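To keep things clear, I will list the structure first and then write my remarks on it.
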Amino acid sequence: MPWASPARGWLLVAAVVFACARPAAAPQAPQPKLPLEEIIRHGAEKEIEYARAHALYRYELTVRVQEIGEENRVLGIDEKPVKHFYVNGGIYVFNPEVLDVIPKNEHLDMPQLFEALVRRRWNVVAFPIREYWIDVGRLHDLEQAHGDFSTVFE
């Protein structure tokens with residue numbers, strides 16, 4: 001069911017995510033700021049029932065990775081590889097009809113809601129976060145975000 005207007009959509013941001021929204025009044029703001037109004041407008045225009053942000057997560061291993069074959073034969077060594085994954089960005093946009101899928105007075109995690117909507121074949125999409133984003137669920141990452149704040153957002 002299409003959105004009547006962007007104002008009817010819902011925006012939910014997880015508490016362990018640190019990102020910065022660019023206000024509509026400042027379109028020339030620096031790129032690190034997440035364009036939330038554009039994300040909501042995109043959902044309305046494309047008749048998306050549910051969208052979740054994905055961020056490109058970079059993970060650098062601090063050890064050499066060995067590829068081992070039959071009889072423990074070393075086939076290759078990758079020197080401290082860097083891996084990239086698309087991860088859930090913890091930012092969700094959905095239309096009001098999604099609320100009808102959520103059971104009343106019951107616990108429901110966002111992954112469970114996502115799976116329920118996919119099973120119903122609703123229009124579920126991902127949108128990329130190209131701006132500054134970090135999951136601050138670990139102390140190390142919270143300290144990183146704290147250190148980044150003055151250089152990224154000022």
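Since every read-out is calculated from the coordinates, none of them should be taken as a lab result. Computed from a prediction, not measured in an experiment: that's the story for all the values here. Neighbour counts are summed over all protein chains in view; Cβ atoms, including those assigned to glycine, are modelled from backbone coordinates with ideal geometry.
Here are the numbers:
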quantity: Gain on full stretching of the segment that runs from GLN144 to GLU37 - 0.36 nm per residue minus C-alpha separation; calculated: 35.8 nm
quantity: Distance (nanometres) between label positions extended 7 Å along Cα→Cβ at GLU70 and THR151; calculated: 5.1
quantity: Other-chain or far-sequence residues with amide H under 5 Å of GLY90's (modelled H); calculated: ALA53
quantity: Test item: Cα-centred dipole of region 83-154, Lys/Arg +1 and Asp/Glu -1 on Cβ, debye; calculated: 420
